[in-house]
Amino acid sequence: MPAVRETVDQVRSIDVDRYKYGFATDIASDRAPKGLSEDTVRFISAKKGEPDWMLEWRLGAYRRWLTLREPTWARVHYPKIDFQDIYYYAAPKGPAPKSLDEVDPQLLATYEKLGIPLREREILAGVERPRVAVDAVFDSVSVVTTFKDELKKAGVLFMSMSEAIREYPEIVRKYLGTVVPVTDNFYATLNSAVFSDGSFVYVPEGVRCPMELSTYFRINERNTGQFERTLIVAEKGAYVSYLEGCTAPMRDENQLHAAVVEIVALDDAEVKYSTVQNWYPGDKAGKGGVYNFVTKRGDCRGARSKISWTQVETGSAITWKYPSVILRGDDSVGEFFSIAVSNGYQQVDSGTKMTHLGKNTKSRIISKGIAAGHSSNTYRGLVSAHRKATGVRNHTVCDSLLIGPDSAAHTIPYIEARNARAQFEHEATTSKIGDDQLFYARQRGIGEEEAVALIVNGFVRDVIQQLPMEFAVEAQKLIGVSLEGSVG
Amino acid sequence: MALLEIRNLHARIKDDGREILRGVDLVIERGQVHAVMGPNGSGKSTLAYVLAGKDGYEVTEGQVLFDGEDLLALEPEERAQKGVFLAFQYPVEIPGVAGMTFLKTAINAHRRARGEGDLSTPDFMRRVRDASDRLQMTQDMLRRPINTGFSGGEKKRNEILQMTLLEPKLAILDETDSGLDIDALRIVSNGVNALRDPERSMLVITHYQRLLEHIVPDFVHVMSAGRVVRSGGKELALELEATGYADYGSDAA
């Protein structure tokens, strides 16, 4: 993804601290009153000019949320979150821009600084650079979506969620909440009540989306939660590849990010969803950073459909995230490829669920956890086969790499086979970057930092190979940056 | 000035304080090949590790000059960049890192240390192909993760390949013959002999005389209990072959 390449290169030259995206944009913003109540929900819905059914849906979720408790099973520790001390909506002031020309120049400058290409004309002018359509989400709203018209010609709908609710309510209504129900879990229910913006993608039957789609999420405001909601629908035989990137300013207080992503793939459809998550991880002492409590799930609803999650997780103070696939259609395929890097005092509890309901469904999991500093890195996964799901196969590989004496890695795989004809394989390893490996590389003249990067890149190679080419190079660099100063 | 001067070198294991090297003296001039022989535990491999800068050893006395410079003050990668190469007795596996990638990283690290730019891919490929052909290594082997799942012979050939491409001033071969059958031994030895050069010195560590039939040394030293106790010409190796190490004790450490 060129956006990421530019992000890394450009921001590297800015060279602030170890976290290169930590600047804040000083822009006047419109916020909901602090705290959460029915009024907050109504405020958000009204701000977005939503139809009544949407408001009712939100209110239902809010009432449900009041009865729920925060999950505590994850291997992460943090002070109790005061949900009344958060702003649930923040948007740059002023009327919504109708085109790129109307977007606040300061916002454009922000994205420019992050290396996210928003100016279509310039992107069109660039010959060698592959084109990527971008939806840029700033705090609670989408500020601009590029290449919308061109995509529409191909039949692909790509726009902000708010816009989709207004323009294509029948599609949204048909699919929203059908993969991650309103009642799913504490954070998903919270998201359903107060979700602000996110992306909506609809690829009609038989259409192969002509370009990569991507969303770039940015949290800017202080004390503000970001509750993005993304819905991707691929009709029969459709194909789309979607990339997501995230950054936030360095702030002393923690920021909450509780997103929901839903993917629906009908017969023979394929969706690839790649994430580079680089939220602010907190400082060296573990102060600040984003709480990334996210529910992502895909539904292989049709026969022979396929959903692949690829994630490179380097940011956030705490990550609680399990991109999953429900394999409902016969012969459908689910994949989860993950690299989770933690350093400093970061805590990661991430993994996947592969729920095999259809016959001859297959899933593959490759998880690579790298823990450095004082961080803790847990893989948690559930692979299950329904009683009638015969011919099911899963292959799981979970590898952990420890750097330094104070980091920790855990692997918690659950396997539930309800029929005797499911074939599940699980491999797991935990290794330390060996002193012998380091010495071997250094004896060949390779400096210590470069040697660590070389060994780590070897460790994550099978996942990196799943990423689009130009994206892979960037992911490797990002991992290198995250591990800077982890040795010596 | 000699290329390598080891003076009264004492070193112990950091963890338990055991003294392994107890006053090693050794001078190697440019272009010379020296063999160090001795019973197991006499300190041969420790000498190689201390020269290369492996962690876990503490030098308590003595000095090592390389090209007149204090070698012990340098980091392992700096020693390598200045021309010290150690062919490992047990080459280390690095999963997922292709041999090609490793080689290229190493070569470019050397080049950068000399203030040169990175090698272009075609140049790199050409050099690798020439060197690997001579060692009868396939390109497939180089695409595989380095040393991972390699046979003993493949690992040793891979060491000599790296040595060929990194062009060291001093090559230390630590028990390079161990684990090699006779064919592999010949290939590896030919590879080493091809690198003999008036500007390149070698320190060949071995337990057996066998290797020295293929790599003929200019000098042979016998180590025992952490010191060089006897030095001579290549005929010393033959004498040892006949008498064994009995006269030199097995080991004190």
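The values are calculated or read from the model by the stated rules, or taken from the named source; none is laboratory data. Not measured: the values here are computed from a predicted model. Here Cβ is always computed from backbone atoms with ideal geometry, including for glycine, and neighbour counts include all displayed protein chains.
Brief remarks follow.
- Counting only strands (runs of 3 or more DSSP E) that sit wholly inside the range A:383-469, those with at least 2 residues that are within 12 Å of chain B (Cβ to nearest Cβ) are A:393-402, A:423-432.
- Of all residues in the range B:24-60 being surrounded by fewer than 16 Cβ atoms within 10 Å (Cβ to Cβ) and of a type in the set (Gly, Ala, Ser), the one that is farthest from the chain's Cα centre (by Cα): B:Gly56
- So B:Ser231, is it in contact with a helix residue (DSSP H, G or I) (Cβ under 8 Å, 6 or more places away or on another chain) and of a type in the set (S, T, N, Q): no
- The range A:326-342 residues that are under 22 Å from A:Val456 (Cα atoms) and modelled with pLDDT under 95, paired with ones that are among the hydroxyl-bearing types (Ser, Thr, Tyr) and assigned to a loop (DSSP other than H, G, I, E, B) (beta carbon under 6 Å, 6 or more apart): A:Val341/A:Thr314; A:Ser342/A:Ser375
- If the condition is being surrounded by fewer than 17 Cβ atoms within 10 Å (Cβ to Cβ) and not in a helix (DSSP H, G or I), then the range B:170-182 contributes B:Ser178, B:Gly179, B:Asp181.
- The one condition in (1) farther than 28 Å from B:Pro39 by Cβ; (2) among the hydroxyl-bearing types (Ser, Thr, Tyr); (3) in contact with a strand residue (DSSP E or B) (Cβ under 8 Å, 6 or more places away or on another chain) that B:Thr138 fails to fulfil: (3)
- Look at the range A:414-440: where a residue is small (Gly, Ala, Ser) and a partner is assigned to a loop (DSSP other than H, G, I, E, B), sitting 6+ places away or on another chain with Cβ atoms under 6 Å, you get A:Ala422/A:Val392.
Listed here are the residues, each with its yes/no results for (1) touching a Lys or Arg at 6+ places or on another chain (Cβ under 7 Å); (2) of a type in the set (D, E, K, R); (3) outside any strand (DSSP E or B).
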{"site": "A:Arg166", "(1), (2), (3)": "no, yes, yes"}
{"site": "A:Ile171", "(1), (2), (3)": "no, no, yes"}
{"site": "A:Lys174", "(1), (2), (3)": "no, yes, yes"}
{"site": "A:Tyr187", "(1), (2), (3)": "no, no, yes"}
{"site": "A:Leu190", "(1), (2), (3)": "no, no, yes"}
{"site": "A:Pro210", "(1), (2), (3)": "no, no, yes"}
{"site": "A:Thr215", "(1), (2), (3)": "no, no, no"}
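- The residues of the range B:200-214 that are surrounded by fewer than 22 Cβ atoms within 10 Å (Cβ to Cβ) and either in a helix (DSSP H, G or I) or at pLDDT below 95 (or both), listed by number, are B:His207, B:Tyr208, B:Gln209, B:Arg210, B:Glu213, B:His214.
- Every test in (1) modelled with pLDDT of 90 or more; (2) assigned to a helix (DSSP H, G or I); (3) more than 14 Å from every other protein chain (Cβ to nearest Cβ) is passed by A:Glu474 save one, and that test is (1).
- Counting residues in the range B:162-169 that are within 13 Å of the chain's Cα centre (by Cα), part of a loop (DSSP other than H, G, I, E, B) and crowded, with 20+ Cβ neighbours inside 10 Å gives one or more.
- Odd one out for A:Ser486, checked against (1) hydroxyl-bearing (Ser, Thr, Tyr); (2) more than 24 Å from B:Leu161 (Cβ to Cβ); (3) modelled with pLDDT of 75 or more: (3)
- Residues in the range A:413-433 include none that are modelled with pLDDT of 90 or more, in contact with a helix residue (DSSP H, G or I) (Cβ under 6 Å, 6 or more places away or on another chain) and surrounded by fewer than 23 Cβ atoms within 10 Å (Cβ to Cβ).
- Yes/no for B:Gly83 being within 14 Å of chain A (Cβ to nearest Cβ) and within 15 Å of the chain's Cα centre (by Cα): yes
- Screening B:Pro145 with (1) crowded, with 22+ Cβ neighbours inside 10 Å; (2) within 14 Å of another protein chain (Cβ to nearest Cβ); (3) modelled with pLDDT under 95 gives one miss only, at (1).
- When each of B:Glu116, B:Glu77 is tested for being in a loop (DSSP other than H, G, I, E, B), of a type in the set (Asp, Glu) and within 14 Å of chain A (Cβ to nearest Cβ), the lone residue that passes is B:Glu116.
- Test: residue in the range B:183-193 that is within 14 Å of chain A (Cβ to nearest Cβ) and either crowded, with 22+ Cβ neighbours inside 10 Å or β-branched (Val, Ile, Thr) (or both): no
- Members of the range B:50-66 that are away from every other protein chain (no Cβ under 14 Å) and either over 17 Å from B:Leu170 (Cβ atoms) or modelled with pLDDT under 95 (or both): B:Glu58, B:Val59, B:Thr60, B:Glu61, B:Gly62
- Of all residues making up the range A:269-289, the number that are within 13 Å of the chain's Cα centre (by Cα) and farther than 21 Å from A:Val134 by Cα: 0
- Within the range A:375-429, the set of residues being within 25 Å of the chain's Cα centre (by Cα) and of a type in the set (Phe, Trp, Tyr) comprises A:Tyr379, A:Tyr414.
- Unique match (being at pLDDT 85 or above, more than 13 Å from the chain's Cα centre (by Cα) and surrounded by fewer than 22 Cβ atoms within 10 Å (Cβ to Cβ)) among A:Pro204, A:Pro249: A:Pro204
- Those residues of the range B:87-113 which are within 8 Å of chain A (Cβ to nearest Cβ) and either of a type in the set (Ser, Thr, Tyr) or in a helix (DSSP H, G or I) (or both), in sequence order: B:Thr101, B:Phe102, B:Thr105, B:Ala106, B:Ala109, B:His110, B:Ala113
- Taking the range B:102-131 as the range and being in contact (Cβ under 8 Å) with a residue 12 or more places away in the chain, surrounded by 15 or more Cβ atoms within 10 Å (Cβ to Cβ) and of a type outside the set (Gly, Ala, Ser) as the test, the residues that pass are B:Phe102, B:Leu103, B:Lys104, B:Ile107, B:His110, B:Leu119, B:Phe124, B:Arg127, B:Val128.
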